[in-house]
1. Cβ-Cβ under 8 Å, sequence separation 6+ or interchain: first residue in the range 18-42 and in a loop (DSSP other than H, G, I, E, B), partner modelled with pLDDT under 90 and among the acidic types (Asp, Glu). Which pairs?
2. Filtering the range 31-43 down to residues that are surrounded by 11 or more Cβ atoms within 10 Å (Cβ to Cβ) and modelled with pLDDT of 90 or more, which residue is nearest to the chain's Cα centre (by Cα)?
3. Does Ile90 satisfy being at pLDDT below 95, under 19 Å from Met37 (Cα atoms) and surrounded by 16 or more Cβ atoms within 10 Å (Cβ to Cβ)?
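The values are calculated or read from the model by the stated rules, or taken from the named source; none is laboratory data. These figures come from a predicted structure and were not determined experimentally. When we count neighbours, we look across all protein chains shown, and the Cβ atoms used for this are built from the backbone with ideal geometry, even at glycine.
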Amino acid sequence: MICTNCYAEYLNHIKKCGDCNVKLVDACLLDLPIPQMDWESLPVFSGKIYADMAAEILDENNVPYYFKMDWASSTFNIEGANLAGQIVRIFVPKSHFKIAAELTFQINGDRSE
């Protein structure tokens with residue numbers, strides 16, 4: 001459930017917003033705007049383990065991201081330490097690229113700007 005005024009989310013059994021005193025609606029029924037974001041790829045990571053390390057650092061610093069792996073890893077959900085030639089790209093919003101590149105520099109050794 002969600003408040004149409006302040007967009008606070010509530011559990012299904014709550015019927016009114018505690019702040020706005022507005023009747024809540026099912027969040028699935030709302031068409032909330034999705035902000036436009038331009039994404040940029042960090043330098044390629046050689047293997048999912050290194051990409052996971054970078055993701056942990058990005059999480060700790062509240063940097064949004066998503067992974068894009070080679071088709072075999074994605075399709076078959078294959079993970080391992082030594083998949084030959086496995087590459088993983090991490091995409092971050094352009095507005096976060098500089099800080100993300102600095103935070104992950106020690107993992108992949110590339111600080112592209």
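1. The qualifying pairs do not exist here.
2. Top of the filtered list is Trp39.
3. yes
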